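Structure first, commentary second.
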Amino acid sequence: MRAEKFGASMGVLVEQIVHLITENYEYDEMTASNEFYSSKVYALLEQEETKLWHLSPLTLFNLFDEEKKTGSFELAEEV
């Protein structure tokens, strides 16, 4: 995927995930953004070759939520 298209896709995904975080945690948008950007989920998501960007915002939020609650998360083998 070209860098411009990947960047645009990431922007949309991150916006949707941050929205889910604000709905499920008592975080404002800035705090939710900071929490997500500092997560292991985001670190993998920003690497195009991991293909995590193929996952839905809800699935990515669930990975983030698992990481927040347990300190780690598991990816399904098909990712």
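The values are calculated or read from the model by the stated rules, or taken from the named source; none is laboratory data. Bear in mind that the values here come from a model prediction, so they are computed numbers and not experimental data. In this analysis, Cβ positions are derived from the backbone assuming ideal geometry, glycine residues included, and neighbour counts consider all displayed protein chains. For the accessible areas, the whole protein counts, side chains as well, though only heavy atoms, and no ligand, DNA or RNA atoms are used. Shrake-Rupley method; radii C 1.70, N 1.55, O 1.52, S 1.80 Å.
Give me the residue from region 32-79 that is modelled with pLDDT under 95 and of a type in the set (Val, Ile, Thr) and, out of that set, most open to solvent (accessible area, probe 1.4 Å). Filtering region 32-79 for residues that are modelled with pLDDT under 95 and of a type in the set (Val, Ile, Thr), the one most open to solvent (accessible area, probe 1.4 Å) comes out as Val79. Within the option set Thr59, Thr50, Thr22, being in contact (Cβ under 8 Å) with a residue 12 or more places away in the chain, at negative phi and of a type in the set (Val, Ile, Thr) holds for one residue only, Thr50.
Among the residues examined, Thr22 qualifies as touching an Asp or Glu at 6+ places or on another chain (Cβ under 8 Å), surrounded by 12 or more Cβ atoms within 10 Å (Cβ to Cβ) and polar (S, T, N, Q). When restricted to residues that are closer than 19 Å to Met10 by Cα, assigned to a helix (DSSP H, G or I) and in contact (Cβ under 8 Å) with a residue 12 or more places away in the chain, region 62-79 contains 3. Is it true that some residue in region 23-33 is outside any helix (DSSP H, G or I), hydroxyl-bearing (Ser, Thr, Tyr) and touching a helix residue (DSSP H, G or I) at 6+ places or on another chain (Cβ under 8 Å)? Within region 23-33, one or more residues are outside any helix (DSSP H, G or I), hydroxyl-bearing (Ser, Thr, Tyr) and touching a helix residue (DSSP H, G or I) at 6+ places or on another chain (Cβ under 8 Å).
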